[in-house]
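The values are calculated or read from the model by the stated rules, or taken from the named source; none is laboratory data. As the structure is a computational prediction, the values presented were derived from the model and not from experiment. Methodologically, a virtual Cβ is constructed for each residue, glycine included, from the backbone with ideal geometry; neighbour enumeration extends over all protein chains shown.
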Amino acid sequence: MKNGEIFTSHFRFRESAEAGVVKRISSFCSAESLPHRLDFLDQELSVYGYPSIQTDEKLNQVALVNVTYDLLQTYRRALESHSDTADGLRNSESDAARFQHLLSLAREDVATKDRELKTKRIEEAHLNQRIETLRKKLKSEQEKCRRLSSEMQSRDTQFKHEKKKKSQEVERMQTKLHQLLQDKKHERLLGIEILNSLQRSDGKRGKWTTDKTKKNNEQEMYQLILANYEDSQKELLNENTAMRKYLKQMQDELVCALNEKATQRDMKQRESRRLSLDKIDIKSSASVSSEESEASDSVLDGMFEMPYDIVKDDIEKSLKSKWRALRRLYQHKNLHHLTEEDKGKAENKSEKITEYEKVIQEQQDLIDYFTAGQGEKSSSFPSDAYFLEEKSDLDQQKSIFYQQRLAFENERKVYTEALLQLGQDQQNFEEEKSRWLQHHFLQLTPFRGSSSKKKWSSPNKSFRDKSLSLSWNEGLKNHSAHDVSPSLRNARGQADGMGTSGGSSGAQPLLTRSPNKTSPSRSPETPHNPWNGASPPIPSTCELYRALGLRYKSSDKENNSSTSSFNLACTPVQVTSCIDAKHGNTSMSETNLQRSNERIPRLSDRYYVTYRDEALARSLEEAESSPASDTTDTWHSLLDSDTFSVSKSELDYRQRSLSDQILVENRLDDSHTSHSD
Amino acid sequence: MNFSELFKQSQFHCKFSPDGQYVVTCVSYKVIVRSVDTLQILRLYTCLDAVQNIEWSSDSAFLLCAMYKRGICQVWSVEHPDWTCKIDEGSAGLTHAQWSPDGRHVLTTASFNLRITVWSLVNKSISYIRYVKNSKDCLSFTDNGKYLALAESRKCRDCVSIFEVESWQLLKLFETDTEDLSGLKWSPDGRVICVWDHCLWYKLLIYTMDGRCLTTYKAYDWALGVKRVTWSPTSQFLAVGSYDQKVRILNHITWKSISEFSHISNIQSTNAVVYSESETKPSLPRTENTLIASPPIFSTQSKYEFLSPPIQIPSVQPDPEKPNPKIGVGWLEFSPDNKFLATIDDSMKTAVHIWSMLKLSLYVVLLQASPIKCARWDPHTSRLALCTGNDKLYLWSPSGSVSVQVPISATFHVHSLKWHPSAESLLLMSKDQMCICYLEKKERDKEIDN
């Protein structure tokens, strides 16, 4: 545990606190207590599954160094995983915040919806109320209507009753009056005074009215009725026969028409056969003709004289089929006719079109001739005056254009200067970098370099790896078997660390540095670099690229693979991560710094070069694909784009292409002006 | 076109005799018979009182003059001016008098429709027909004059009785399915009787002579119903004008409505020709020309103009408070050749609708400047004469329409007109004068006559 403390405290130190650290470190062990401390350390390390650093009660320096190195590695891994988890945490936090925001939005939404719902409900209630009132109204109206109609009915019946009573009264009065009058009449005898009676209009004598005559009259009436009926029947019969006759005639005419068509068709068929034309037509026509023959079968004349209800179906059927056939024929003919007509029309139209085109062409020629002739003949004042307005317009445009060009040139100058500066800076940077790399390379290769040989006295890496893996396995076993106090946590932490390291490998660590900070001139920031305290820190590839604003794709991949290999290489991650979790309060900037330092050993120049090549190719493509685009735009894009730090050659190329463009434009302008002139 | 001079008359009592030889006019109590051709006075009778109705017997030999106030009728013989006959209904009163179709019997209706008395001029016999509903619409003779159909009300039930005219024998009596029968009419061929109910109930029934009901037609309920019914001359159509401003045409076989002619004040149909009378007031004559100016000062010029739809016919909405609303088809008549039906809606008194019976659609609308007083079909052809109470006579035929100014006097306003049976002349009547208008014979007609 103390060991862990030490390790973490190790990284808590800042540059200013160096002395304190030294003091603290020295306070742990002194020359006297060295063997005790060593024992203690050995014990502690064995707890964590490291081999003993003491051999025969003596300090095994190599083992100590190995163990220390491994611890450091583990610690770094732990830190990495810690930062990863922190990143994950931050991510999840931000996610949570986002979700919170979304939730609040959704809540608001729900609230508004609720409000809307309420308003709708209120509206609905209103409407319902209205409906209800209307319904009530309707009901009342209906009731009223019913009441009124019933009232009317009752009044009607009442009225009828009253009327009946009145008419009865009238009748009684009339009879009484009649009797009275008759009595009077008898007194006065007849009310008719006539000089002499007339003869009947027919000259016959009047007959006595006897029962016989009465009967005769009745008989006559019935005879008349009968006669009337007979007459009406005859009328109907006449009508009927006329109808039947007409029906028959219609059928005959139909048959006649159909037969005519059929014969025509037959003629056509014969012709077509003679010419051995398409068989399909014949087939179709044959089918049609068969139908026709069926249709043209006339119903026998006698059929029309039969009782209609018997022959009704037959007649209707046959007539229907005939009509259908006729209609089909008619339609067919119509279509044929139409198509022919259409053809004729189309031909006419095309002819007309060609005619008109000719006319237009002639007109065009004439216009050209005249305009050209004028230009040739008289370049004098009037024609000039004619184009005066256009000319002035052109001049204006030209002046605007020249202004723009001037502006462009100025801009170009500025940019070229800036670029030159940039290029110089870059060159410097490159030189420095190469220098640094050289230096670093010399330091980094402990197995080959002469300086490393001094430190690594027994270079058997394979053995060490083996032992590491073994110890890792043992550690695992220990965890499962012994149930060490932090084991559960460890296991969880391990799982977490594994998960985060595996899962969030794509997540980019935040970078607080600006690109110029990465410049090697201000490099020594981490005094506790375990590799080399004095040497300047080497920026990682990704950092560099990011700082330069370049895309970091290929190197990212490489980084992934490298990290995975790294994972395999340094086994006891879980321990350090556990420690990390315990301490857990390393600031983000520190971790970032640490991480940027950690990536150093994987940096290789190759990627950078290839990437540069890629960028160059891309910019070349761009320049080719957009030669006509606005120059300022391209410049801006050059400035704004991620490829700010592209190589100088590329810049040169761009400049060249740009100047080419401007040249072309100038030429175009010149040609334009000359043309307008 | 010629016009006779003006003669005095009173209360439109002027009539051509059925044979077309005479024309009778009444001036108060004087009855003057003139020859149509010469207009000479042939006979002059003096009645006991102012004549209230005058009627020719079917053989044109007798004239029946009714004096309702006095309750008496007088019959005059054209051939024997000395022959007299007086019929006194006595204290029963007289409301209506008419000839029987044989011209030997007079039917008088006592007041309160108490009875119809049949007076025989042959043997002075008297017959009474009782329980009559009313004597105007409820009494109908067949065209051959052999039978009489009479609507009666016996024990508050509507009945129709058929009489044999010669012997006045009741042949048949049958009840009708009506609430309050208000009219009946024989079909011109005498086969069926059309019976219609009171206007409160739209109901129309067709009966045969022996009392079989052939059909009951009901167009609608509740609203005011039948206003007037007319048979076509061939008995093939029955036109029913009703208060809903529609004419419904029933056919004679199925007795179903084959068409409805609506009288709408707004004419949209483009098929119908609309003649519109346009009046132009004459400008005041200049002082120099007053002597020369021939047209009368007070007369207006008028002519027909074609109007293109839509046309708004002026219509008067009846007062709902008053009974017998002036709406609905109150006059309708078929042309004698059965081709046209002329109708006048009482709310649009200025317009005559002429419907084509062949196409069952509106054919012509005559839009007059003032309300139409009288319209009559030519008894032989489809020619319609009408008057609107001004000094003009209007004639319509399928070939066109004319307005003729009566040239005799500017103050002669035609209120009524009657066709001569031969359709050669027209009897025009103002309120107190009459004249005869002789129409020119068409060449074709002359040929036919020859």
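A few remarks follow.
- Strands (runs of 3 or more DSSP E) enclosed by the stretch B:142-261 - at least 2 residues per element that are within 10 Å of another protein chain (Cβ to nearest Cβ) and under 27 Å from residue A:213 (Cα atoms): B:147-154, B:157-164, B:169-175
- Any hit, the stretch A:163-184, residues being within 14 Å of chain B (Cβ to nearest Cβ), at pLDDT below 85 and surrounded by fewer than 10 Cβ atoms within 10 Å (Cβ to Cβ): yes
- Identity of the residue in the stretch B:1-48, part of a strand (DSSP E or B) and polar (S, T, N, Q), that ends up nearest to the chain's Cα centre (by Cα): B:25
- Only residues that are farther than 15 Å from residue A:70 by Cα and touching a helix residue (DSSP H, G or I) at 6+ places or on another chain (Cβ under 9 Å) were counted in the stretch A:39-57, giving 4.
- The single condition from (1) in contact (Cβ under 8 Å) with a residue 60 or more places away in the chain; (2) touching a Cys at 6+ places or on another chain (Cβ under 8 Å); (3) not acidic (Asp, Glu) that residue B:45 fails is (1).
- Unmet criterion (only one of (1) part of a loop (DSSP other than H, G, I, E, B); (2) within 30 Å of residue B:152 (Cα to Cα); (3) out of contact with any strand residue (DSSP E or B) (no Cβ under 6 Å at 6 or more places or on another chain)) for residue B:51: (3)
- Lone unmet requirement of (1) in a helix (DSSP H, G or I); (2) modelled with pLDDT under 85; (3) facing chain B (nearest Cβ under 10 Å) for residue A:222: (2)
- Residues that are among the polar types (S, T, N, Q), within 26 Å of residue A:169 (Cα to Cα) and more than 7 Å from every other protein chain (Cβ to nearest Cβ) within the stretch B:86-98 comprise just one, B:95.
- Selected residue [assigned to a loop (DSSP other than H, G, I, E, B) and without any contact (Cβ under 8 Å) to a residue 40 or more places away in the chain] from B:407, B:318: B:318
- Cβ pairs under 7 Å, 6+ apart, first in the stretch B:99-125 and more than 8 Å from chain A (Cβ to nearest Cβ) and touching a residue at least 60 places away in the same chain (Cβ under 8 Å), second surrounded by fewer than 23 Cβ atoms within 10 Å (Cβ to Cβ) and assigned to a helix (DSSP H, G or I): none
- Unique match (being touching a Phe, Trp or Tyr at 6+ places or on another chain (Cβ under 7 Å) and either among the aromatic types (Phe, Trp, Tyr) or part of a strand (DSSP E or B) (or both)) among B:401, B:382: B:401
- From the list A:106, A:78, A:63, the lone residue that is at pLDDT 90 or above and within 30 Å of residue A:35 (Cα to Cα) is A:78.
- Identity of the residue in the stretch B:69-85, within 27 Å of residue B:138 (Cβ to Cβ) and either surrounded by fewer than 19 Cβ atoms within 10 Å (Cβ to Cβ) or charged (D, E, K, R) (or both), that ends up farthest from the other protein chains (Cβ to nearest Cβ): B:69
- Test: residue in the stretch B:38-48 that is farther than 30 Å from residue B:404 by Cβ, buried (at least 19 other Cβ atoms within 10 Å of the Cβ) and among the hydrophobic types (A, V, I, L, M, F, W, C): yes
- Hits in the stretch B:36-68 - residues which are among the aromatic types (Phe, Trp, Tyr) and within 14 Å of chain A (Cβ to nearest Cβ): B:45, B:56, B:62
- Out of A:319, A:237, sole residue that is at pLDDT 85 or above, within 30 Å of residue B:252 (Cβ to Cβ) and among the aliphatic types (A, V, I, L, M): A:237
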